[in-house]
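What follows draws every value from the coordinates through simple rules; no lab data is involved. Predicted model, so just to flag it, every value in this text is computed and none were measured. In this analysis, Cβ positions are derived from the backbone assuming ideal geometry, glycine residues included, and neighbour counts consider all displayed protein chains.
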Amino acid sequence: MIACPNCRTIQSPDRINTGELFACPRCQTRMRADLFNAFYRPADSGATLDHIQEQGQAECYNHPGRPAKVPCGQCGRLLCELCAVELDGRNLCFDCVKTGRDDRQVARLDTRCTHYDSMALTLALVPMLFVFPTIVTAPATLYVALRYWKRPSTVLPRSRWRFIVAILLAVAQMAGWILVLIRKFG
């Protein structure tokens, strides 16, 4: 049985583990009740901590039968290795990550990825329309392409053809500027 933390009124069992906030019928305190699977097992009066750990009673909230490794840093649910998501040095469950994303409370939840290969290719192609900016953008293209060559692009792997094309264009632009400068001053 779960009691309201404010007025100690016993709550209805159908409100437990719903994942939703509900109001106490007596005092209207908003609460959420999530119980771990071990709560429903009969208590073993002679059990010690070692005996409980040997039996594996500390199990994952989402995967009954899998041993729990860490608690969620937000809600306290016990999580197995599959369920634990580490963000900002804290282990969070999927629900807390989703809630943090929706409420913008998780600071380092990056949902975007910079595509440096596309950036290098754009940096090489667009200035060619105006010719003069290439004197600056060609070395910048080489820098971006070589600097981020080994950086993982996204969850889905991408080929490096954009980097290769960008490097070739940048080298061609720089060679063109060198020839122009040699003819002009040399």
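Just a few scattered comments:
- Computed from label points 7 Å out along Cα-Cβ, the spacing between Trp161 and Lys98 is 3.8 nm.
- Sequence-distant residues sharing a close amide H with Val70 (under 5 Å, placed H): Leu79
- Ranked by how many other beta carbons lie within 10 Å on average, peptides 22-28, 136-142, 70-76 from highest: 136-142, 70-76, 22-28
- Largest first and in whole Å, the equivalent-ellipsoid semi-axes of segment 116-185 read 26, 10, 8, each the square root of five times a Cα gyration tensor eigenvalue.
- Projecting label points 7 angstrom from Cα along Cα→Cβ for Thr9 and Arg30 puts them 1.7 nm apart.
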